[in-house]
1. Which whole-number percent gives the relative contact order of the range 10-175, counting Cα pairs below 8 Å spaced six or more residues apart?
2. Quick check: the angle from helix 237-247's long axis to the longest principal axis of the chain, C-alpha only, nearest 10 degrees?
3. If you consider only alpha-carbon coordinates, what radius of gyration and Dmax does the range 10-175 have, in Å?
4. Please give the contour-minus-distance gain from H139 to E185: 0.36 nm per residue of separation, less the Cα-Cα distance, rounded to one decimal in nm.
5. For K292, go through the aspartates and glutamates and keep the ones whose alpha-carbon is under 14 Å away, minus same-chain ones fewer than eight residues off.
6. Put a dot 7 Å past each Cα toward the Cβ at A160 and F287; how far apart are the dots in nm?
7. Which of L38, T124, L137 sits closest to the plus end of the dipole of the range 1-147, meaning its Cα is farthest towards the positive end, when Lys and Arg get +1 and Asp and Glu get -1 on the C-beta?
8. So how tilted is helix 304-319 from the main axis of the chain? Cα-based, degrees 0 to 90, rounded to 10.
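Just so it is clear, none of the values below were taken in a lab; they were calculated from the coordinates. Here the structure is a predicted model, which is why all the values come from computation and not from measurement. Because the Cβ atoms are built from the backbone with ideal geometry, glycine has one as well, and the counts that use them run over all protein chains shown.
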Amino acid sequence: METNYTNTGNKDARSGFGAGLLEAGKYNPAVVALCADLKESVKMDAFAAAFPERFIQCGIAEANMINTAAGLALSGKIPFTGTFAAFASGRVYDQIRQSVAYSNTNVKIAASHAGITLGEDGATHQIMEDLGLMKMLPHLTVINPCDYNQTKAATLAAAAYKGPVYLRFGRPPVPNFTPENQPFEIGKAITMHEGADVTIFATGHLVWEALVATQQLQEKGISVELVNIHTIKPLDEETALRSVAKTRAVVTAEEHLRNGGLGDSIAQLLARRLPTPIEYIAVDDKFGQSGKPAEMLKEYGLDSAHIVEAVEKVIKRKLGENSSTVNAGTMKPPYLKNRD
């Protein structure tokens, strides 16, 4: 039976991280937190107030923060580092590579304010290549949850997981639609909606946009299978292949550059195991700019309307049609025959 996903109100995912970190700290005294002068922005303030002796304010010294966290991990602690994603990945790539990934230390890198929906802070802070940077590092698990509830659950799962984790989430309030107590298993995707004509693999903020698009496509007579890929690495290959074997058409949706993100991981998998038409919803080799989050999603082709267009395009490719558009509402039986 499918879960009913409805928006219970807009909440920012970074607050889900803060709530998860506080809860993890209550469960396990080994959990410690380090911050690069952004305690309130990354929602570490509640943890710092509850456990001042387990909170380290590192200042604007991200490289030192990562190395300190690695040392704490080697002493048996479970350190969470917190800063903006642009600084959590790009600024300290060498330290993550050497002290965290290569050394396989139990460090949890909390990367807030990720993607283009950071909005008004502009291009220098809107990192959209971080998933690619992080997933290429051996040993590093990469998680990109979609809303408040899932980010809280992912934080708790990261605290319990033995090994380095990159946990990515955003700043703006977004629909909170996943169930509060939905199980979160690292490396296990969640099929949100079952369908037969096309698979949408979505991650992060674009899971909601994909859910909206799924509802619109259903009204047009297109049967969509929507899969929430919250763990970019390790990728749930079994779920992905099982879905694509059924639908034989794929759209990936992510708030990231086309190069190096979820779409690349899915495409590599399909190229090896099950060649399939695929369309990407992602930023196409561009930096960001200043703007409201919703405006940015539309400007860079990441909103639900663009997902609908991509689905219609990939179905047309699957069927080998030459027309420039797909009128899904008037599709004939040959389209339906592609469901087996």
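1. Reported relative contact order: 31 percent.
2. On a 0 to 90 degree scale, this one is about 20.
3. Just the Cα atoms of the range 10-175 yield Rg and Dmax of 14.0, 40 Å.
4. Going from the current span to full extension adds 14.8 nm.
5. Cross-link targets: E120, D121, D303.
6. With each label point 7 Å from Cα toward Cβ, the separation is 4.2 nm.
7. Farthest towards the positive end: L137.
8. 50 degrees
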